[in-house]
Amino acid sequence: MKNSFKNLTFPELKAKREEMNRKYMELRFQIVIGHVDNPLQKRVMRRQIARLNTLIGAQEKAQAQELLKQKAAESAQKPAVKD
C-alpha cells in the first residue's frame, strides 16, 4: 500500500486524499463509540494521508518550478525594449 500512490495522477491524488480524510473522520467517530475491530487502523490511515500530502506537495512544487522555467524562457526570448 505504501507505493501504490506513486503512480496516481495529481487529480487522482487529491481525490484519494479527500476520500481518506472522510474515512479517517468516520473511523474516529467509530473509535469514540467503541465499534472498531482494529484500533491501529487509525495510525495506518493517518500515515497514508501524510504520504498523500507529501506526494501532492511534491507535485505542486514541481509544477511551480516548471511554470517558473517557462516564464524565464519566455522573458529571455523577448527582445529588450530600448527608449
Fill in: Cα-only Debye scattering, the chain: base-10 log of I(q)/I(0) at q = 0.12, 0.18, 0.19 Å⁻¹
-0.52, -0.82, -0.87
Worksheet item: What list do you get for Ile56, Ile31 if you sort them by fewest beta carbons within 10 Å?
Response: Ile31, Ile56
Worksheet item: Nearest 20 debye, what's the magnitude of the dipole of segment 2-58 about its Cα centre given +1 on Lys and Arg Cβ and -1 on Asp and Glu Cβ?
Response: 240
Discussion item. On C-alpha positions alone, give me the angle between the axis of helix 10-33 and the longest principal axis of the chain, in degrees, nearest 10.
Written reply: 30
Worksheet, complete the sentence: Relative contact order in percent for segment 2-58 (Cα pairs under 8 Å, 6+ apart) equals 53
Item to complete: Round to the nearest 10 and give me the degree value, 0 to 90, for the angle of helix 41-77's Cα axis relative to the longest principal axis of the chain.
Response: 10
Practice prompt. Mind checking which of Val32, Gln77, Leu52 is farthest towards the positive end of the chain's charge dipole, using Cβ charges of +1 (Lys, Arg) and -1 (Asp, Glu) about the Cα centre?
Written response: Val32
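Every number in this text was worked out from the coordinates using simple rules, so none of it is lab data. Note that this is a predicted model, so its numbers are computed, not measured. Note that we place each Cβ from the backbone using ideal geometry, even for glycine, and neighbour counts take in every protein chain shown.
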